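Student: Here it is: the structure, laid out below.
The values are calculated or read from the model by the stated rules, or taken from the named source; none is laboratory data. Not measured: the values here are computed from a predicted model. Don't worry about glycine lacking a Cβ; one is built from the backbone with ideal geometry, like all the others, and counts go over all protein chains shown. The area values use the complete protein model at the heavy-atom level, side chains included, leaving out ligands, DNA and RNA. Shrake-Rupley method; radii C 1.70, N 1.55, O 1.52, S 1.80 Å.
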Amino acid sequence: MNTFACVDIGGTAIKYGILRADGTIVEKAETPTQAHLGGVALAGKVKELVEALIKMDPAIAGVAISSAGVVDSEKGCIIHASDAIPGYIGVDYKEVVERPLGLPVEVENDVNCAGLAEAKSGAGQGASSMLMLTIGTGIGGCFIENGQLLNGSCFSACEVGYIPIDGVPFQDAGATTALVRDVANRKGEPEEEWNGKRIFALADAGDADCVAAIDTMCEVLGQGMAMISFVLNPEKIVLGGGIMAQGEKMRDRLERAFAAHTIPLIAKNTKIAFAGHANDAGMQGALVHFLNKHPELGCENHG
């Protein structure tokens, strides 16, 4: 079975490893992104990591990359990015990695990769259509129908974090950062003293401020999911991101809020689930994307 170099580029860390075509992880490691050094330096670092993986396994058949930012997945380049990685727009991984190493390289957005992983072998497995939302410092989204990503005309479909909820961007009102800010404001304390884990622990112990802030977050998420579902009508909504490790504690509130903002037909036929893949989702989804582009390399008898 062929093996592949898989790289997941996040704002703070790069996860990388060797995966088999069936998604089995052979080797994996992690290194700081050092985003402050800029996009050109980051791309060079990715090339070095891939070269190190090839030294470990010279039979690697291709390179699958998951990256933050808006990705032109046809050309393999970054076409929009935040200032978190200075100078990242225009970075071309086909030019930096594929050309010098002589291996096929495919690149896709990190949230899209997380969604592909969930649709293939996670919480979205078996669903004909799936909306993936990642809840963290912001809110990212992707939509997959019959295994195919909805890309949009400029690879920007499902940039749902910018949808206004009562005049406020969805991600500014419903992300984990909003939950932390809400609790800190209620307590009159610095945000740095709070995180999702502490908030849920205190909520479990009956802290009224933490319970109320979680209620607010679930209300916003339910409203946002309903708005998106009026357009896309997914069979499943899969929620990911670190905070969703607490998902089962939020399920009832999320389902009530979702139902309150949609119509009974959609509420009845839309299942809310929580992501099954954790830190490896980016690498695994990048591989799914790669093999969708190069199905012949996923065949056991290839070569």
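Student: How do the helices (runs of 4 or more DSSP H) wholly within the stretch 194-303 filter down when requiring 2 or more residues that are in contact with a strand residue (DSSP E or B) (Cβ under 7 Å, 6 or more places away or on another chain) and at pLDDT 95 or above: which remain?
Tutor: Passing ranges, in order: 208-232, 247-261, 281-293.
Student: Between S128, S121, which is open to solvent by 30 Å² or more (accessible area, probe 1.4 Å) and touching a strand residue (DSSP E or B) at 6+ places or on another chain (Cβ under 8 Å)?
Tutor: So the residue among S128, S121 that is open to solvent by 30 Å² or more (accessible area, probe 1.4 Å) and touching a strand residue (DSSP E or B) at 6+ places or on another chain (Cβ under 8 Å) is S128.
Student: Separate question: Just checking, does the stretch 83-98 include any residue being in a strand (DSSP E or B), touching a Gly at 6+ places or on another chain (Cβ under 9 Å) and not hydroxyl-bearing (S, T, Y)?
Tutor: Yes, that holds for at least one residue.
Student: Which members of the stretch 139-188 meet the condition of being aromatic (F, W, Y), surrounded by fewer than 21 Cβ atoms within 10 Å (Cβ to Cβ) and part of a helix (DSSP H, G or I)?
Tutor: Matches in the stretch 139-188: Y162 only.
Student: Identify the residue in the stretch 239-276 that is within 23 Å of the chain's Cα centre (by Cα) and of a type in the set (V, I, T) and, among all such residues, is nearest to I139 (Cα to Cα).
Tutor: The selected residue is I243.
Student: Please give the number of the condition T12 fails out of (1) open to solvent by 30 Å² or more (accessible area, probe 1.4 Å); (2) at pLDDT 95 or above; (3) not aromatic (F, W, Y).
Tutor: Here T12 clears every test but (2).
Student: Same structure, new question: Scan the stretch 283-303 and report the pairs whose first residue is of a type in the set (K, R) and whose second residue is at pLDDT 95 or above, with Cβ atoms within less than 8 Å and a gap of 6+ or a chain change.
Tutor: These pairs meet every condition: K293/P104; K293/E106.
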